[in-house]
1. Here are some pairs, Lys169/Lys228; Lys75/Lys210; Lys157/Lys240; Lys157/Lys221; Lys157/Lys236; Lys75/Lys214; which of them have Cα atoms lying more than 22 Å apart in this structure?
2. If you take the beta carbon distance between Asn167 and Leu193 as r and set R0 to 35 Å, what does 1/(1 + (r/R0)^6) give as a FRET efficiency, to the nearest 0.05?
3. Can you sort Thr192, Thr122 by 1.4 Å-probe accessible area, starting with the largest?
4. Quick check: at a probe of 1.4 Å, how many percent of the accessible area of the stretch 151-233 sits on carbon and sulfur atoms?
5. How much area per residue is accessible in the stretch 107-157 when the probe is 1.4 Å and only protein heavy atoms are counted (Å²)?
6. Checking the a/c ratio against 1.5 first, then a/b against b/c, what shape does the Cα gyration tensor give for the stretch 115-251?
7. Order Arg73, Arg130, Arg168, Arg160 by their accessible area, 1.4 angstrom probe, all chains in place, largest first.
8. Give, in nm to one decimal, the length gained when the segment between Leu159 and Val142 is fully stretched (0.36 nm per residue of separation minus the Cα-Cα distance).
Amino acid sequence: MAEESESKHSAVESVMEKISEKIHGHDSSSDSDHEKPGYTSTVQFKIFRLFGRERPVHHVLGGGKPADVFLWRNKKISAGVLGGATAIWVLFELVEYHLLTLICHISILCLALLLLWSSAHTFIHKTPPRIPEVYLPEEPFVQVVSALTTELNRVLKLLRDIASGSNRKEFLMVIAACWVLSIVGSWCHFLTLYYISFVLLHTLPVLYEKYEDKVDPFAEKAMIEIRKQYAVFDAKVLSKIPKGPLKTQKV
């Protein structure tokens, strides 16, 4: 009897060991599946990012020092740039100082200080100070003008394509943007609008980078709703508009 009970006990233990091995083997295989790069890439691919970006915000802003300033990587430099822009806006908008007047006053102040400095050295019988020569290199200005010309030509080409009816979605976006800018322009001057854009550029990217996991789900819902409304508008209105000659030739 004792031998039979021992044999039954050993049989039960062997069955339990096999079950536990199968369970652990299944868990390890599932863990290994989760650790595979394909699995993580699939999960990451399903995450919605605003504007369809796949890179960090720093790379989207172009990287380098400008992106560091916009994202407050160096708080002293970013605060200095924002403070300087605020001082310029206060000077020209609130105080109503004029640019030509400011340039003339700065020139008068600099010339007066240099003259007093030279006179003081002559009065105490010292060698007059050597005023350094200021020379502006030509290459940076040429590069800036060339870059602006390239961007303007690209914008003009885009506007030509939109006006020819090749892309109705971009046409509606440009019309809506111009309409919004016309309304905002009637509220404030160009300098105030530029300053508001400058402040938003120094605040929205850093806030989005900090709270992007909370912002992206709301943006995804908004984009889905906008696409639904655009599909309805396209079916009822845009599909009845005749295509432009450029679009007809491409087709």
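The values are calculated or read from the model by the stated rules, or taken from the named source; none is laboratory data. The model shown is predicted, which means the values in this text are computed figures rather than measured ones. For neighbour counting, all protein chains shown are included, and Cβ atoms are generated from backbone atoms with ideal geometry for every residue, glycine included. Keep in mind that these areas ignore ligands, DNA and RNA; they rest on the heavy atoms of the full protein, side chains included. Shrake-Rupley method; radii C 1.70, N 1.55, O 1.52, S 1.80 Å.
1. Values: Lys169/Lys228 13 Å; Lys75/Lys210 15 Å; Lys157/Lys240 26 Å; Lys157/Lys221 33 Å; Lys157/Lys236 29 Å; Lys75/Lys214 24 Å.
Exceeds cut-off: Lys157/Lys240; Lys157/Lys221; Lys157/Lys236; Lys75/Lys214.
2. On the way: r = 27 Å, r/R0 = 0.77.
For Asn167 and Leu193, the calculated efficiency is 0.80.
3. Descending order: Thr122, Thr192.
4. Details: 4660 of 6430 Å².
Exposed carbon and sulfur together represent 72 percent of the surface.
5. So the stretch 107-157 comes to 98 Å² accessible per residue, rounded to a whole number.
6. Details: a/c = 3.48, a/b = 2.17, b/c = 1.60.
The shape class here is prolate.
7. Numbers: Arg73 120, Arg130 190, Arg168 65, Arg160 160 Å².
If we order Arg73, Arg130, Arg168, Arg160 from most to least accessible, we get Arg130, Arg160, Arg73, Arg168.
8. 3.6 nm
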